[in-house]
Amino acid sequence: MTFSEIPAPERIDVQAPEGNYAVYIGNKALKTLDVIMRLHGLNGKAVVITNQVLAPLYGNMLAELLSVPLITIPDGEQHKTLDVVRFVYDRLLELGIDRQGVLIALGGGVVGDLAGFAAATFLRGIAFVQAPTSLLAMVDASIGGKVGVDLPQGKNLVGAFKQPAFVVVDPSLLPTLPDAEWVCGAAEIIKSGLLRDASLLDAALYQRDNKAFTDVIRRAIQIKVDYVQRDPYEQDIRAELNLGHTFAHAVEKVSGYTWRHGEAVGFGLVAAARLSQAVGLCSAALPDQVEQLVGAVGLPTRCGFEPSDVRAAMRTDKKRQGEAMRFVLLREVGQPEIRDDVPSQAVLDVLESLRD
Ligand SMILES: NC(=O)c1ccc[n+]([C@@H]2O[C@H](COP(=O)([O-])OP(=O)(O)OC[C@H]3O[C@@H](n4cnc5c(N)ncnc54)[C@H](O)[C@@H]3O)[C@@H](O)[C@H]2O)c1
Ligand SMILES: [Zn+2]
């Protein structure tokens, strides 16, 4: 394929307090990364960081295209740690990366979060490019500037806000993504649809052979961009993006992290919709619609854990404010409402109604 055969990517501009950046979206867009870097004046010494799964699939190719070195970290959330950040610092020093250096994250949310944290802190901050490869990272993790790592005590407990120089979203990388990861990305898109765009609430869109899927990704990114622009440091309205997540974080925790985040979000969306009905915000039609869609996409709508255990796990969610449980509920599609006054019994009843 020659350069002129690569379709020009679409561009969404994001306004951020630290400076604006662009999200480029298009099939084969990764193959134009060298051009986009020059366009953005990123002429310093660059390095690609990826993981062991993605290095043979795309990492080696990208490092060759750019004529830059590749740093490979182990695959998996269990490696989103300060130890691995330390390994990355060592490699950056060995490679002679200086203040003008550019760190290019090629991977899912784990690589993006960890590389972003390294870029935010190495030499007090070097330029950072996001090249997300998982659906979840394309529509969620790569947008909004939150970066960080886990501690043994909990997920994402250490982090920073670090805006990328730009994000390049290339849906032609998705065919190699395992089905289980695909549906996890779908869960976050369905969440965005419930918050802002009813046309994303159609199970047919999430078929893996959907030719129009790039448009679904673009619409989901636009929703996340709209939120992070309005509330870059998550002080108020960005919290709506936690729809389904109070339940999801608790279920992930109680499962000992054997449930994937996206799977827990699928269940969490069903639970949040049921809770919205239980407190009188909406009729049964909304939870029925959510449950039908989440199930049709292949995400769990039931969870066998003891309701009191799930409820107890919500108490240690770092996003809670004071002692009150915070839930994002729905009046209808497109009308979220943040509530701190949900009775504990209503939460337990919803969990009981959604047991296996
Ligand atoms: N920063 C944020 O705002 C934000 C938002 C949401 C999630 N996150 C973080 O993102 C992480 C989850 O991201 P994720 O779901 O992408 O997980 P992940 O990075 O672990 O990727 C999932 C799996 O898919 C593989 N993979 C990714 N792209 C692939 C491809 N194109 N082909 C084949 N395999 C591929 C990965 O190697 C991995 O095994 C969590 O650590 C979460 O905390 C961050
Ligand atoms: Zn999420």
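The values are calculated or read from the model by the stated rules, or taken from the named source; none is laboratory data. Note that the structure is a prediction, hence the values are computed from the model and not measured. Because the Cβ atoms are built from the backbone with ideal geometry, glycine has one as well, and the counts that use them run over all protein chains shown. Ligands, DNA and RNA are excluded from the accessible area calculation, which covers all protein heavy atoms including side chains. Shrake-Rupley method; radii C 1.70, N 1.55, O 1.52, S 1.80 Å.
Points worth noting:
- Count of residues meeting criterion [modelled with pLDDT under 95 and open to solvent by 20 Å² or more (accessible area, probe 1.4 Å)] in region 16-34: 4
- Taking region 189-279 and the helices (runs of 4 or more DSSP H) fully enclosed by it, the elements with 2 or more residues that are surrounded by fewer than 18 Cβ atoms within 10 Å (Cβ to Cβ) and among the acidic types (Asp, Glu) are at 213-230.
- Candidate set from region 263-278 (those that are within 24 Å of Gly108 (Cβ to Cβ) and touching a Phe, Trp or Tyr at 6+ places or on another chain (Cβ under 9 Å)); member that is nearest to ligand 1 (Cβ to nearest atom): Val265
- Region 71-87 residues that are over 14 Å from Gly116 (Cβ atoms) and without any contact (Cβ under 8 Å) to a residue 60 or more places away in the chain, paired with ones that are within 16 Å of ligand 2 (Cβ to nearest atom) and not aromatic (Phe, Trp, Tyr) (beta carbon under 8 Å, 6 or more apart): Asp75/Val110; Gly76/Val110; His79/Val110
- For region 120-152, the tally of residues that are closer than 18 Å to Asp90 by Cα, within 13 Å of ligand 1 (Cβ to nearest atom) and open to solvent by 10 Å² or more (accessible area, probe 1.4 Å) stands at 1.
- Annotation note: Cβ proximity below 7 Å between a residue of region 129-158 that is under 13 Å from Ala119 (Cβ atoms) and a residue that is assigned to a loop (DSSP other than H, G, I, E, B) and of a type in the set (Val, Ile, Thr) (sequence gap 6+ or interchain) occurs for Val149/Thr81.
- Considering only residues in region 240-251 that are touching a residue at least 40 places away in the same chain (Cβ under 8 Å) and within 10 Å of ligand 2 (Cβ to nearest atom), the one that is farthest from Phe305 (Cα to Cα) turns out to be Leu241.
- Lone qualifier among Gln100, Gln78 - being in a loop (DSSP other than H, G, I, E, B) and touching a strand residue (DSSP E or B) at 6+ places or on another chain (Cβ under 9 Å): Gln100
- Identity of the residue in region 187-236, aromatic (Phe, Trp, Tyr) and within 15 Å of ligand 1 (Cβ to nearest atom), that ends up farthest from Ala160 (Cα to Cα): Phe213
- Any chance Val183 is outside the structural domain of Val333 (by TED's automatic domain parsing) and either modelled with pLDDT under 95 or open to solvent by less than 10 Å² (accessible area, probe 1.4 Å) (or both): no
- In region 1-66, counting only strands (runs of 3 or more DSSP E) that sit wholly within it, the ones holding 1 or more residues that are among the aliphatic types (A, V, I, L, M) and closer than 21 Å to Gly101 by Cβ span 21-25, 46-51.
- Residue count for region 153-180, restricted to those that are open to solvent by 30 Å² or more (accessible area, probe 1.4 Å), of a type outside the set (A, V, I, L, M, F, W, C), more than 16 Å from ligand 2 (Cβ to nearest atom) and in contact with a helix residue (DSSP H, G or I) (Cβ under 7 Å, 6 or more places away or on another chain): 2
- Considering residues of region 280-292 that are outside any helix (DSSP H, G or I) and of a type in the set (A, V, I, L, M) only, the residue farthest from ligand 2 (Cβ to nearest atom): Ala284
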